Amino acid sequence: MVRLALLECKKLGIDKALMTCDQDNIGSVRSIVKNGGVLENEFVNAEGHVEQRYWISIK
């Protein structure tokens, strides 16, 4: 699903995409990283969970 979303971004002319996920969501973390995600930072969201922000360059 991440790859398909990035393909749509490319069609729209988007150069860079921001994706977020909970730190403990290992499946999402792996999918984002596998598709070129680079961790920008982590923060605690309103529910008290650690959330991660990843940037993906769309080539």
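The values are calculated or read from the model by the stated rules, or taken from the named source; none is laboratory data. Just so it is clear, the model here is predicted, and its values are computed rather than measured. Virtual Cβ from ideal backbone geometry, glycine too; neighbours counted across all protein chains shown. What goes into the accessible areas is simple: the full protein's heavy atoms, side chains included, and nothing from ligands, DNA or RNA. Shrake-Rupley method; radii C 1.70, N 1.55, O 1.52, S 1.80 Å.
What the table shows:
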{"read-out": "Nearest 10 degrees, 0 to 90: helix 2-11 Cα axis against the chain principal axis", "value": "40 degrees"}
{"read-out": "Solvent-accessible area, 1.4 Å probe, carbon plus sulfur percent, for the chain", "value": "55 percent"}
{"read-out": "Theoretical ellipticity at 222 nm over the chain - DSSP helices of four or more residues, -39500 (n - 2.57) apiece, nearest 500", "value": "-9500 deg cm²/dmol"}
{"read-out": "Gained length - Val50 relative to Ser31, 0.36 nm times residue gap less alpha-carbon distance", "value": "5.1 nm"}
{"read-out": "Val38-Arg3 pseudo-label distance in nm [points 7 Å out on the Cα-to-Cβ vector]", "value": "2.2 nm"}
{"read-out": "Heavy-atom surface of the chain, accessible at 1.4 Å and reported per residue (Å²)", "value": "74 Å²"}
{"read-out": "Dipole magnitude of the chain, debye to nearest 20 (Cβ charges: Lys/Arg +1, Asp/Glu -1, about Cα centre)", "value": "500 debye"}
